[in-house]
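Structure first, commentary second.
The values are calculated or read from the model by the stated rules, or taken from the named source; none is laboratory data. Keep in mind it's a predicted model, so treat the numbers as computed, not measured. Reconstructed Cβ throughout: ideal geometry from the backbone, glycine too, with neighbour counts over all protein chains shown. When the accessible area is computed, the model is the full protein with side chains, heavy atoms only, and any ligands, DNA or RNA have been set aside. Shrake-Rupley method; radii C 1.70, N 1.55, O 1.52, S 1.80 Å.
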Amino acid sequence: MDRDRLHETLADELWEAERTGVAVEPLSSRHELDITDAYAVQTRNVERKLAGGARMIGRKVGLTSRPMQQVLGVDEPDYGVLFDDMVVEDGDEIPLSRLLQPRVEAEPAFVLERDLAGPGVTAGTALAAIAGVLPSIEMVDSRVADWKIKLVDTVADNASCGLLVLGGRMRKVDEVDLRLLGVVVSRAGEVVDTGAGAAVLGNPVRCVAWLANKLAAFGTSLRAGDVVLPGSPHRMVPVRPGDVFRAEFAHVGAVTARFSNGAMPS
């Protein structure tokens, strides 16, 4: 099978997995794929969503902590695309039927004040382009069965994007030391994990710089108004029916993700 046809076939598989709620076997276990193949698969489904009327609102950066990179045997992050239909209002109930095998990550969400284009973007120039930071909870999800993913699997699967809750108050980044920005994540009032900004490439703003430079290699850039998720400073936490998660960020605020009691997809 030629590469274009393979990319189309794998994109169709992941698209159907999201539509039906039935995960697919790992792509990496069935095909020899490199990172270029994986982003080509991702791009096909991004274009399909845009053609269907979805609006791109930004991007997420994944694999920004050393432990996660070691798990997948990689030495750099990856990225996926955020769409308007992924956003859930703070505190609204999230139907589990919208997700396959969700896990929760709390992370700061940056909003860009102006365009940011690589190459050559540094942490300083990225910081200068950011309007502010919001508290957020990302519901990462995988259309790959049992989360048995390698790098090419998660990249092809839009970096395991699921849904996103954004807080309603933005804080200027020059008022916060992003390296020391701490978060406490609780489930039903009980603390399940904590983290701080330095866990993601030493400083979350470095993830924005990495993303701008990576996008330049694909002929695109970040735009004013884009939301950028830089990755989580703590481990992913599996979701159970009826779960209520709260992420409290020092100096930035809190945000809540509330899940329905409905059955998880089989």
Going through (1) under 24 Å from Val185 (Cβ atoms); (2) touching a residue at least 60 places away in the same chain (Cβ under 8 Å) one by one, Asp226 fails only at (1)
What are the residues in segment 24-71 that are in contact with a strand residue (DSSP E or B) (Cβ under 9 Å, 6 or more places away or on another chain) and of a type in the set (A, V, I, L, M), if any? Val24, Leu27, Ile35, Ala38, Val46, Leu50, Ala54, Met56, Ile57, Val61, Leu63, Met68
Of the residues Ser160, Ser186, Ser136, which is more than 21 Å from Phe249 (Cα to Cα) and either touching a helix residue (DSSP H, G or I) at 6+ places or on another chain (Cβ under 7 Å) or in contact (Cβ under 8 Å) with a residue 40 or more places away in the chain (or both)? Ser160
Kindly indicate the residue of segment 196-208 that is open to solvent by 10 Å² or more (accessible area, probe 1.4 Å) and within 26 Å of Phe83 (Cβ to Cβ) and also modelled with the lowest pLDDT among those meeting that condition. Leu201
State the number of residues belonging to segment 190-199 that are touching a strand residue (DSSP E or B) at 6+ places or on another chain (Cβ under 8 Å) and farther than 13 Å from Val133 by Cβ. 6
Condition set under 24 Å from Leu96 (Cβ atoms) and among the polar types (S, T, N, Q), scope segment 147-194, selection surrounded by the fewest Cβ atoms within 10 Å (Cβ to Cβ): answer is Ser186
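Residue-wise test of (1) touching a helix residue (DSSP H, G or I) at 6+ places or on another chain (Cβ under 6 Å); (2) under 30 Å from Arg179 (Cα atoms); (3) of a type outside the set (Ser, Thr, Tyr).
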residue: Asp2; (1), (2), (3): no, no, yes
residue: Leu10; (1), (2), (3): yes, no, yes
residue: Val22; (1), (2), (3): no, no, yes
residue: Pro26; (1), (2), (3): yes, no, yes
residue: Gly52; (1), (2), (3): no, no, yes
residue: Val74; (1), (2), (3): yes, yes, yes
residue: Leu82; (1), (2), (3): no, yes, yes
Name the residues in segment 209-229 that are within 23 Å of Leu163 (Cα to Cα) and either small (Gly, Ala, Ser) or in contact with a Phe, Trp or Tyr (Cβ under 6 Å, 6 or more places away or on another chain) (or both), would you? Leu211, Ala212, Ser221, Ala224, Gly225, Val228
